[in-house]
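Encoded as structure tokens, the structure appears first; notes follow it.
The values are calculated or read from the model by the stated rules, or taken from the named source; none is laboratory data. Source: prediction; values computed, not measured. Please note: Cβ atoms are built from the backbone with ideal geometry, for glycine as well, and neighbour counts cover all protein chains shown.
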Amino acid sequence: MKARELRTQPEILAGSYSQDFADQVAHHLGLKLGKVAMTQFANTEIKAEVPSVRGNDVFVIQSHGAPVNEAIMEQAAIINAARRASARDITAVMPYRGYGRADKPDNSHESYMGPLTMRLFESAGANRIIEVDPHAGQSAGFLRSTSTEYTAIPSSPAIQEHIQKTILDPFGDEDVVIVSPDSGRAKLNRLYAQHFNLPRAIVDKVRTGTNQAEVSEVVGKVKDLRCIVIDDMVDTAGTLVQGAEALMDLGAKEVNFVATHGVLSDPAIERLTAAKRDGILASIAVTNTLNLPPETPDGLIDTISVAPLVGDAIRKVFQDESVSAMFK
């Protein structure tokens, strides 16, 4: 009987939304991206077929960008195909996880989409989930099985490098303040302020509806300072622009914005274009967990790659080493 070859490398697969991102991850690891055959039927149902993965450790990469539900089902289909093909270990890698903001229902008569979607991947066959900068800290608790592993990867190393190279190195840090876009982000942004040894401020917002919020006040000094606003995501950009306007009205020299996830739903690009043109925003940057909308003008938004961070996390998982140790 032929001796079974030892596993020497992970198998990287990807959904259609994240092909470019997954290519970057595979390149970082010195691997080739595996080919997945996706079929969509006339009624929009889908099926996935994966290459031979028997006995392999498989990592299925897919961000849940618009259309979100299609991206979710596609990743679940690939995971299920890999499970049926006798993969040894399957990790669902979600640079951006859809329904991450659905972390608590408003009442007992509405769906609870956060846990529902997480458990879908468990049912499909994933025994581990990796995501970048989850919106809710309790995401691990959404999983039904205690044997399903969950790992959150912070984007902070890549964002810190971007801030250092594009804002602090060229102009110095004597007149810079780290600004939290709301009180919920204050704890995480304290770490950025400590890392750069900079003061911080907080924009106090009141949420008035879906994708709607009003700025009530700014806590901390921003007058005559260059503000760096750091958030986990930007969606329609309405509250972002409102917050930047409030900072400029209080005498800030400029406002720079950095976010992990550029959801950028309409009319975000229109709002950001106008804000940059009018001097409300000096710079805008997001990571590449999500693709920029095709209508994004050249030079409007800088892109920060977190593919190396995800690749390093995949390597650690494959080698049975600690992922969290990467970020201590």
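Summary table below
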item: Qualifying position, being part of a loop (DSSP other than H, G, I, E, B), closer than 17 Å to residue 35 by Cβ, modelled with pLDDT of 95 or more and of a type outside the set (Phe, Trp, Tyr), among 58, 53; result: 53
item: Hits in the stretch 137-179 (condition: in a strand (DSSP E or B), in contact with a helix residue (DSSP H, G or I) (Cβ under 8 Å, 6 or more places away or on another chain) and β-branched (Val, Ile, Thr)); result: 151, 153, 176, 178, 179
item: 1 or more residues touching a helix residue (DSSP H, G or I) at 6+ places or on another chain (Cβ under 9 Å), within 22 Å of residue 96 (Cβ to Cβ) and polar (S, T, N, Q): qualifying strands (runs of 3 or more DSSP E) within the stretch 229-328; result: 254-262, 283-287
item: Single unsatisfied condition, residue 134 versus (1) over 25 Å from residue 323 (Cβ atoms); (2) outside any strand (DSSP E or B); result: (1)
item: Scan of the stretch 214-228 for residues that are in a strand (DSSP E or B) and surrounded by fewer than 19 Cβ atoms within 10 Å (Cβ to Cβ), ordered by number; result: 214, 216, 217, 219
item: Among (1) surrounded by 15 or more Cβ atoms within 10 Å (Cβ to Cβ); (2) free of Cβ contacts under 8 Å to residues at least 24 places away in the same chain - the single one residue 110 does not satisfy; result: (1)
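Residue by residue, here is whether (1) β-branched (Val, Ile, Thr); (2) in contact (Cβ under 8 Å) with a residue 40 or more places away in the chain; (3) surrounded by 13 or more Cβ atoms within 10 Å (Cβ to Cβ) holds:
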position: 169; (1), (2), (3): no, no, no
position: 172; (1), (2), (3): no, no, no
position: 186; (1), (2), (3): no, no, yes
position: 196; (1), (2), (3): no, no, yes
position: 202; (1), (2), (3): yes, no, yes
